[in-house]
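Comments concern the structure below.
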Amino acid sequence: MRKRLLSLSAIAAAALAVASSALAFDCVRVSSSWQGLQQSTKSGNWLAFNMSTTAGVQQTFLNVVGAELPAEVASCVATTYATYRVTPYFALGVGVAGGETNGIGVLAWHNKNEEVLGNLRGIDHLESSPVGAALFGSLAACGIDVTES
């Protein structure tokens, strides 16, 4: 049991680091198909998330966080995420919002049409998008704390 708690703590810490990075870059690409998302993330500037199945969540955590997630926790995350009824596939931007090129917020912050920043089409703000609510809500519901302490 202690090993399991240590593992979950490590995953939570890594998820927090990813979340902090995500908020710094602040963009998420939504997609209706896993194949399309994988194709569009080959630049290396996007981290692909597959929240559709237990195996998808486990592989995502392994790719993004670098840690294994127990099957029962991954199953909880996938099942809970599905209740939000948003796309199970999305990508988190890494430097695409201007951090590596033209200053902060190139993709979303300069967009005066704020209605499109959470409409599940193209690029959304993570905190404005239902995808962000689904991701963080699912993690929290399954015992993975990604809040800052």
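The residues of segment 49-73 that are within 23 Å of Gly36 (Cβ to Cβ), over 13 Å from the mean Cα position of the chain (by Cα) and small (Gly, Ala, Ser) amount to a single one, Ala55. In segment 70-86, what residues are of a type in the set (Phe, Trp, Tyr) and under 11 Å from Thr53 (Cα atoms)? If the condition is that a residue be of a type in the set (Phe, Trp, Tyr) and under 11 Å from Thr53 (Cα atoms), then Tyr81 is the only one that fits. For beta carbons closer than 9 Å, sequence separation of 6+ or different chains, a first residue in segment 64-76 that is more than 15 Å from Ala141 (Cβ to Cβ) and a second that is among the aromatic types (Phe, Trp, Tyr) and not in a loop (DSSP other than H, G, I, E, B), the qualifying pairs are Val64/Phe49; Ala67/Phe61; Glu68/Phe61.
No lab work stands behind these numbers, since they all come straight from the coordinates. Please read all numbers here as calculations on a predicted model, not as lab measurements. Neighbour counts run over all protein chains shown; Cβ positions are idealised from the backbone, glycine included.
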